[in-house]
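Asks: Quick one: the structure is below, questions incoming.
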Amino acid sequence: MPLTRLIKFFASLRLTVVLLGLGIVLIFSGTIAQVHLGLYKAQNEFFRSFIVFWQPDNVAWKIPVLPGGYLLGGLLLLNLVAAHTERFSLTRKKAGIWIIHMGLILLLVGQLLTDMLAHESTLHLRVGEARNYSESERAYELVVSDVTDSKAAQIVAIPERLLQKQGTVSPAALPFSVRVLTYDLNSALTNQAADGYDPVKVTGGRGTDGFWLKSIPRETVMDLRDLPSAIIEIVTPQGSGGTWFVSAYIGTPQSFTWQKHTYELLLRPERFYRPYSLRLEEFKHDVYKGTDVPKNFSSRLLLNRPETGEHREVLIYMNNPLRYAGETFYQASFDPDDQGTVLQVVHNPSWLTPYLACILVGTGLVVQFLSHLVPFLKRRRAP
């Protein structure tokens, strides 16, 4: 039957060997590609894809060369499940193999969940400064704020994934729509004409000051950031409310008035807000005596959570992160004047899955070993 043949194919040990071999090639190729593509682009093209493509220079077409990480991981997961269905019965002698394979399945599923749910951001604080949010290192958002009442401003954030589509966004909290005319994931900006740059033509805001813009490839170096730019149009029920130039180069909000309400526009790194704040009380940068070699970086912070009454100091230093409310805060960097700290914030709901998977695999190996060792010792002792 076709279904039986299909199950046998996916349960094949040969398929397992081929997939593991392709996995080795993929890891090697993706690691080498980081030299030219950078970490983020190599991850997306090799490990967060179904097919790895090669594109020759100065051409529009691409050639598929390797299965990507998602495809290999999915096939390996299917291979494990099919192998159990076809070859392994649930008996005491096979209990160790079942536990090992459950651990491997959990490892594959956990990695997929991490890839889908986890995100990293940074929290930059100066001494005496408190914040209840961190910022993304790669993604941006367009913020439209109604600041008519300074004590109760209404803020609407449009994520970058919608801006990239260059369509019309109509948030329910706004009485008008935002039409994205252009969006560059990374850009270069100048205030005078230059080769390769196009003049920014808008009707309102800073864009009327005379800017020239050029779209450039995304940054691949980890220490550098993309600086996106966009031209948007405010679309009211009565028609166009004007066009505006927003950019990561423009760090201050641009304002306009409509129906006696004052609004502000700002393109900024995506923010992740929390129900608590962290205040930097002190940052220490210790070096070995008589040298400039770093010995330790530490941040003493005040954690304040009004809803629970929690108000306490925490200390974050190298290899000693703060784990709180499902997130981990690592000491990542600091300001040159030693008056500011940069914390890396990792949100990963499935962070326990690799540990549980390793425990299952280790337990399975022990169980399978003992299931053969104990009967062997009994036979040795028999008369």
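Asks: Over all distinct alpha-carbon pairs, what is the Kirkwood Rh of segment 1-89 in angstrom?
Replies: Hydrodynamic radius (Kirkwood, Cα pairs) of segment 1-89 is 14.5 Å.
Asks: OK, next. Across bins of 10 angstrom width beginning at 0, how are the C-alpha pair distances of segment 123-201 distributed, in whole percent?
Replies: With 10 Å bins starting at 0, P(r) equals 13, 31, 35, 19, 2.
Asks: Quick one: work out Rg over Rh on the C-alpha atoms of segment 47-195, Rh as Kirkwood radius.
Replies: 1.14
Asks: Same structure, new question: Once phi is turned into ³J(HN,Hα) by the Karplus curve 6.51 cos²θ - 1.76 cosθ + 1.60 with θ = phi - 60°, what whole-Hz value does each residue of segment 235-248 show in order, with x for glycine and proline?
Replies: So the J values, rounded to whole Hz, are 10, 9, x, 8, x, 5, x, x, 10, 9, 9, 10, 7, 5.
Asks: Next up: Using r as the Cβ-Cβ distance of D286 and T363, and R0 as 25 Å, what FRET efficiency do you calculate, to the nearest 0.05?
Replies: FRET efficiency, D286 to T363: 0.05.
Asks: Further question on the same structure: Using only the Cα atoms of segment 135-272, what semi-axes does the equivalent ellipsoid have when each is the square root of 5 times a gyration tensor eigenvalue? Give whole Å, largest first.
Replies: In descending order, the three semi-axes are 25, 18, 13 Å.
Asks: Using the Cα atoms as the points, what is the convex hull volume per residue of segment 294-383 in Å³?
Replies: 187
Asks: Separate question: By count of other Cβ within 10 Å, fewest leading, how are H285, H101 ordered?
Replies: H285, H101
Asks: When only C-alpha pairs under 8 Å and at least 6 residues apart count, what is the relative contact order of the chain, in percent?
Replies: 18
Asks: Sticking with this one: Of T243, T114, how do they rank once you tally other Cβ atoms within 10 Å and put the fewest first?
Replies: T114, T243
Asks: State, to one decimal in nm, how far the label point of V314 lies from the label point of K214, with both points 7 Å from Cα in the Cβ direction.
Replies: Distance between label points: 4.4 nm.
Asks: Using the Cα atoms of segment 234-383 to build a convex hull, what is its mean projected area in square nanometres?
Replies: If you wrap the Cα atoms of segment 234-383 in a convex hull and average its projections, you get 21.1 nm².
Asks: List the lysines whose Cα sits under 25 Å from the Cα of K201, skipping any in the same chain fewer than 8 residues away.
Replies: Partners found: K165, K214.
Asks: Using label points projected 7 Å from each Cα along Cα→Cβ, tell me how many nm separate L373 and D149, to one decimal.
Replies: Here the answer is 7.1 nm between the modelled labels.
Asks: Could you name the lysines in cross-link range of K295, using Cα to Cα under 25 Å and dropping any fewer than eight places away on the same chain?
Replies: K284
Asks: Evaluate E = 1/(1 + (r/R0)^6) for T4 and L352, where r is the Cβ-Cβ distance and R0 equals 41 Å; express this FRET efficiency to the nearest 0.05.
Replies: Efficiency for this residue pair is about 0.60.
Asks: Grab the alpha carbons of the chain, take their convex hull, and tell me the volume per residue in Å³.
Replies: 276
Any read-out appearing in this document is the output of simple, stated calculations on the displayed coordinates, not a laboratory observation. Here the structure is a predicted model, which means the values were calculated and not measured. Backbone-built Cβ (ideal geometry, glycine too); neighbour counts: all protein chains shown.
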